[in-house]
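Below: the structure, in structure tokens.
The values are calculated or read from the model by the stated rules, or taken from the named source; none is laboratory data. The structure presented is a predicted model; accordingly, all values stated were derived computationally and were not measured. With ideal geometry, Cβ positions are generated from the backbone for all residues, glycine too; neighbour counts draw on all protein chains shown. Heavy atoms of the whole protein, side chains included, go into the accessibility calculation; ligands, DNA and RNA do not. Shrake-Rupley method; radii C 1.70, N 1.55, O 1.52, S 1.80 Å.
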There are 2 protein chains.
Amino acid sequence: MTDTATRTAYDAVATLYADMFRDVLDGLPLDRGMITGFAELVPPGPVADLGCGPGHLTAVLHSLGLDASGLDLSPAMIARARADHPHLRFDEGTMTALDVPDGGLAGILAWYSFIHMEPADLPAVLAEFHRVLAPGGHLLLAFQSTDGTETEAFDHKVALAYRWPIDALADLTRRAGLTEVARFLRRPTEIERFPAGNLLVRKP
Amino acid sequence: MTDTATRTAYDAVATLYADMFRDVLDGLPLDRGMITGFAELVPPGPVADLGCGPGHLTAVLHSLGLDASGLDLSPAMIARARADHPHLRFDEGTMTALDVPDGGLAGILAWYSFIHMEPADLPAVLAEFHRVLAPGGHLLLAFQSTDGTETEAFDHKVALAYRWPIDALADLTRRAGLTEVARFLRRPTEIERFPAGNLLVRKP
């Protein structure tokens, strides 16, 4: 997907999406445990929720004591995030070119957001993440996974997305100069189609 | 290792061990997230911390709202657990034959405890866990892992232990009639030699 296609798709569903996913972590305590662990491992400094949507997880990171802000392609999502969380900063923008100096971030959360990138474009995105992370900074990626060995396109309800084998994604992060900290794979719940993957890496 | 050998080894180090591991989760927020998630997923009912040592995690489970008790082979460990946590129940015993009726437990935590079992004995232990779990009950296993495909004996500081490939362990739990919920693999910290594995399964 291009940024434009993803933006248009999310703009169209911003209200519905925000209402559906506001409390998504309530039913996923293990996933919440990964976010909580990430929040504790991140060194002091700014943390970006990239592809933040309506900002529900930006608010979670803030509640865990982080200096968190959100970024999203979709103006409608950003408007909703600002309305729901007026105490936090949200900006429109793309994760492919961040308005952040080298080493300017202590942490990045990309929670089911990079999934819309064409797989061939992901190395450049990971290079950008590596650029903006400070040494010791952490990156937490969440994604639909697959037990196979290849990325697989699927009909995500909002916009075309790709499932990632966790080994393939871990390999790309390693090539981007990031070091694996931990990985998590959860079997699908009754309302999910695919396994949930989390990959936590850090910049050495 | 036989139960007798494991008991003797842990009896000899109970005080040192208890002092070293009391706050072990403080530096391992992701591992703590798995325990917290487990605590939320466990249905109402009794939860057993099997191989509880000095009872530090039994106390964590209790603090998370569970009806938790501890079991350990080592009388010295049980004495220490009772002294440190007088509000909780601790019993001497073996995980190979639990004094629990069929379906009597809502949850089992086996945190780096079954690692001393001979790998060939583990299917019988998992069958016992399956017997005592109620339908919907959860089992969380923690262990030193290996990136290889075979179990590997190693010189654990207290007693001979075995590292498990997470796939091999997941396969054994499946054969025991348990369903995978999630798996977690963390790279070693500076004070660890091996990857840390967690496997969460439930009885259907």
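Checked against (1) touching an Asp or Glu at 6+ places or on another chain (Cβ under 6 Å); (2) within 24 Å of B:ALA76 (Cβ to Cβ); (3) not charged (D, E, K, R), B:PRO29 meets all criteria but (2).
Conditions tested, residue by residue: (1) modelled with pLDDT under 95; (2) under 25 Å from B:TYR17 (Cβ atoms).
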| residue | (1), (2) |
| --- | --- |
| B:GLY65 | no, no |
| B:ALA68 | no, yes |
| B:ASP84 | no, yes |
| B:LEU88 | no, yes |
| B:PRO101 | no, no |
| B:ARG131 | no, no |
| B:HIS156 | yes, yes |
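Search segment A:63-98 for residues being under 21 Å from A:LEU139 (Cβ atoms), surrounded by fewer than 18 Cβ atoms within 10 Å (Cβ to Cβ) and hydrophobic (A, V, I, L, M, F, W, C), and hand back the single one that is nearest to the chain's Cα centre (by Cα). Looking at the filtered set, the residue picked out is A:ALA97.
Being closer than 23 Å to A:GLU180 by Cβ, out of contact with any Cys (no Cβ under 7 Å at 6 or more places or on another chain) and assigned to a helix (DSSP H, G or I) is the requirement here; does A:ARG82 meet it? Considered against the rule, which asks whether it is closer than 23 Å to A:GLU180 by Cβ, out of contact with any Cys (no Cβ under 7 Å at 6 or more places or on another chain) and assigned to a helix (DSSP H, G or I), A:ARG82 comes out as no.
The residues of segment B:24-52 that are modelled with pLDDT under 95 and under 16 Å from the mean Cα position of the chain (by Cα), listed by number, are B:VAL24, B:LEU25.
Here is the figure for segment A:24-44: residues that are more than 19 Å from B:ASP31 (Cα to Cα) and either open to solvent by less than 30 Å² (accessible area, probe 1.4 Å) or of a type in the set (A, V, I, L, M, F, W, C) (or both) total 1. For segment A:112-128, a residue qualifies if it is open to solvent by less than 20 Å² (accessible area, probe 1.4 Å) and closer than 10 Å to A:LEU172 by Cβ, and the qualifying residues are A:LEU122, A:VAL125, A:LEU126. Among the residues of segment A:160-181, those identified as touching a His at 6+ places or on another chain (Cβ under 9 Å), more than 14 Å from chain B (Cβ to nearest Cβ) and buried (at least 18 other Cβ atoms within 10 Å of the Cβ) are A:ALA161, A:TYR162, A:ALA176. Sub-8 Å Cβ pairs linking a first residue in segment A:31-47 that is over 19 Å from B:VAL181 (Cα atoms) and more than 8 Å from chain B (Cβ to nearest Cβ) to a second residue that is of a type in the set (Ser, Thr, Tyr) and open to solvent by 10 Å² or more (accessible area, probe 1.4 Å), at least 6 apart or interchain, are A:PRO46/A:SER69; A:VAL47/A:SER69, ordered by first then second residue. Residues being within 24 Å of B:PRO29 (Cα to Cα), polar (S, T, N, Q) and in contact (Cβ under 8 Å) with a residue 12 or more places away in the chain are entirely absent from segment B:172-180.
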